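First the structure, in the form of structure tokens, and then the observations on it.
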Amino acid sequence: MCGAKRMSPLERFLDTFLNPRVIGKYWPDILDGLIVTLELAIAVVVTGILVGLALACLRAVGIRAANIAIVCFADILRSLPPLVLILLIYFGFPNIGIVLSGPMVVYVVLSLVLAAFAEEIFWAGITSVDKGQWEAARSTGLGFAQTLGYVVLPQAVRLTLPPLANRAIAITKMTALGTVIGVPEILYQATTAQSFSGNASPLTLGALAYLALFLPFVVLARWLETRFAWRKA
Amino acid sequence: MKRPMLEIAGLFKAFGENAILNGINLKVPTGELVFVIGPSGSGKSTMLRCCNRLEEPTSGAILIEGTDICGLGVDINAMRRKVGMVFQSFNLYPHLNVRSNVSLALRKVLKLPRAEADERSMAALDLVGLAQRADFFPSQISGGQQQRVAIARALALEPKVMLFDEPTSALDPELVGSVLAVMRDLKASGMTMLVVSHEMGFAREAADRVIFMDGGVIVEEGAPEAVFGAPKHERTQAFLSRVRG
Ligand SMILES: Nc1ncnc2c1ncn2[C@@H]1O[C@H](COP(=O)(O)OP(=O)(O)O)[C@@H](O)[C@H]1O
Ligand SMILES: [Mg+2]
């Protein structure tokens, strides 16, 4: 395009990463991607944490068969790279008659992966609460679920918030994997625009979009870590 | 003779192969304080914990006002309301203030509205002399005060029997007196109490009967003067001479 002109290194850098013409043309696409990523991220975080919490509570009930199943689920999903699962479901499931859209596959896989990690984090929190707390509560006539809900979880959750926030951020960032199956999220929009324009500026925009989305949560996680550096009475 | 408030009949408890309680028979008449002593590991805590089914008896019966609490179809949570328990380690809820520690079960078990639950909590805290600490958190009050809150938490449910498992063993010596004073008041108010403790002085003045346990059985029982003054069994004599140093 402007290859004929001799450019200084700084000009070349700016032209490559912050080309105003390219940015002007493609920023609406990146914004569309931002919205898709945001929607996916919210859905994954809500689903993953709720399912993880439910599994940890179920594990606290102490039914042997259920606990074995939960531990297998958690260990398998924490071991597999999410990209493998995404490709497996997106390309494999149609052959057994289950066709899921790209965004749906990313949503399901990342929710399950987050649920697996969240379950382990909540479980660690629940087991860290002294046995005496259970006994005191039960001895006043509170039932199992009431004891869990009013006595144990409020204490457990304080300990779990920082690792949970960090894990949720790490997994929602993986929405970028959707790009390999055509989910129109930030990275997909950015790489598409980059190949059309032959310029890296859309990728810069994409990076800025990720920063805008995740930096507040990273700061929040940092704040949670200091806020809940909480000692037992 | 009065029907006992609490009766333990033929109680056996084993953990796996390990027999811990080997046939306990004990009656606690209404309004009496039965004081339990015995070496560490003799099964005192296990016996107490069977009385509100924190441990399930292997066999035997626990009767509260003549009703077997281990029977089929017993509502365990309703039953536990009748049996207050105070633990060696207090076990207050650290995330709740003193008032909420007491009112939680009132609101969630008795389903009282908050205002009524708070009122009843304050009355219970008043009994243990801690109404003015209602807005403090457990970590902000002394161990003795924490244990008195734990007593108030149990009392607020208006139990028929109170079980105490070494309530002063975790306390600094200067804080023991305030907890014993509350227990003395409770006894004076007519509460039925089963107390595991090493506070022999308290037993002498407040106990109606003293039980000496060893190896999961009751070895000796009698009035405090008799058991402390003239123990009949060798094992009781050996234990008493050990704790007296
Ligand atoms: N949950 C349990 N599982 C296995 N053994 C236990 C359990 N609870 C208590 N025991 C054993 O039972 C014995 C009696 O314990 P305990 O009732 O606490 O005695 P005490 O209160 O008189 O010191 C101890 O040897 C203890 O190790
Ligand atoms: Mg004990």
Review point. Percent relative contact order of the stretch A:32-175, based on C-alpha pairs within less than 8 angstrom and at least six residues apart?
Key: 35
Check your understanding: Using a Förster distance of 30 Å, how high is the FRET efficiency between B:LEU72 and B:GLU225, based on the Cβ-Cβ distance and rounded to 0.05?
Key -> 0.10
Exercise for review: Holding the Cα-Cα limit at 27 Å, pick out from B:LYS82/B:LYS111; B:LYS82/B:LYS108; B:LYS82/B:LYS232 the pairs that are longer than that.
Suggested key: B:LYS82/B:LYS232
Study note, to complete from the structure: Which residues qualify? For B:LEU33, with a placed amide H closer than 5 Å and at least 5 residues away or on another chain, they are B:MET193, B:ASP208, B:ARG209
Check your understanding: Can you list residues whose amide H is under 5 Å from B:ARG53's amide H, if they're 5+ apart or on another chain and H is modeled 1.01 Å from N?
Key -> none
Review point. Between the stretch B:23-102 and the stretch A:144-189, how many Å separate their Cα centres?
Key: 41
Review point. Counting partner chain Cβ atoms within 10 Å of every residue's Cβ in B:90-102, what's the average?
Key: 4
Practice item. Would you mind calculating the relative contact order of the stretch B:48-95 from Cα pairs under 8 angstrom and at least 6 residues apart, reporting the percent as a whole number? Key: 27
Review point. Going by a ≥ b ≥ c, the root eigenvalues of the Cα gyration tensor, does the stretch B:166-225 fall in the rounded group (a/c under 1.5), the prolate group (a/b larger than b/c) or the oblate group?
Key: oblate
Point to revise | Fewest-first sequence of B:VAL217, B:VAL102, B:VAL182, B:VAL36 by Cβ atoms within 10 Å of each Cβ | key: B:VAL217, B:VAL182, B:VAL36, B:VAL102
**Study point:** Candidate aspartates and glutamates for bridging to A:LYS173, where Cα separation is under 13 Å - those fewer than 8 sequence places away on the same chain excluded
**Key:** A:GLU39, A:GLU185
**Study point:** Charge dipole (the protein assembly as shown, unit charges on Cβ, about Cα centre) - positive-most of A:GLY141, A:TYR26, A:ALA190
**Key:** A:TYR26
Exercise for review: With only alpha-carbon atoms counted, please give the Rg and Dmax of the protein assembly as shown, in Å.
Suggested key: 31.8, 114
Exercise for review: Using label points projected 7 Å from each Cα along Cα→Cβ, tell me how many nm separate B:LYS111 and A:ALA170, to one decimal.
Suggested key: 4.5
Check your understanding: Which value in deg cm²/dmol, rounded to the nearest 500, describes the helix-derived mean residue ellipticity at 222 nm for chain A, given -39,500 (n - 2.57) per DSSP H run of n ≥ 4 and division by the residue count?
Key -> -24500 deg cm²/dmol
Revision key, fill the gap. To the nearest 0.05, the calculated FRET efficiency linking A:LEU208 and A:ILE63 through their beta-carbon distance, R0 being 51 Å, is 0.55
Practice item. Treat each spin label as a single point 7 Å out from the Cα along the C-beta direction, and report the A:TRP223 to B:ALA238 distance in nm. Key: 6.5
Point to revise | Net dipole in debye of chain B [+1 Lys, Arg Cβ; -1 Asp, Glu Cβ; about Cα centre; nearest 20] | key: 400
Check your understanding: Taking every residue in B:83-89, how many Cβ atoms of other protein chains lie within 10 Å of its Cβ, on average?
Key -> 3
Check your understanding: Ratio of chain B's C-alpha Rg to 2.2 N^0.38 Å, to two decimals?
Key -> 1.01
Point to revise | Length-normalised contact order of chain B in % [C-alpha pairs under 8 Å, at least 6 apart] | key: 27
Study note, to complete from the structure: Computed for the stretch A:26-227: size of charge dipole around the Cα centre, +1 on C-beta of each Lys and Arg, -1 on C-beta of each Asp and Glu, debye to nearest 20, value 500
Study note, to complete from the structure: Of the candidates A:VAL46, A:VAL99, A:VAL36, the farthest towards the positive dipole end of chain A (Lys/Arg Cβ +1, Asp/Glu Cβ -1, centred on the Cα centre) is A:VAL46
Practice item. Tell me the label-point distance for the pair A:PHE73, A:LEU10, using the 7 Å Cα-to-Cβ offset, in nm and rounded to one decimal. Key: 5.8
Review point. Hey, what's the Cα Rg ratio for the stretch A:26-227 versus the globular rule of thumb, 2.2 N^0.38 Å?
Key: 1.20
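Since every read-out is calculated from the coordinates, none of them should be taken as a lab result. Source: prediction; values computed, not measured. Ideal geometry is used to build each Cβ from the backbone, glycine not excepted, and the neighbour counts take in all protein chains shown.
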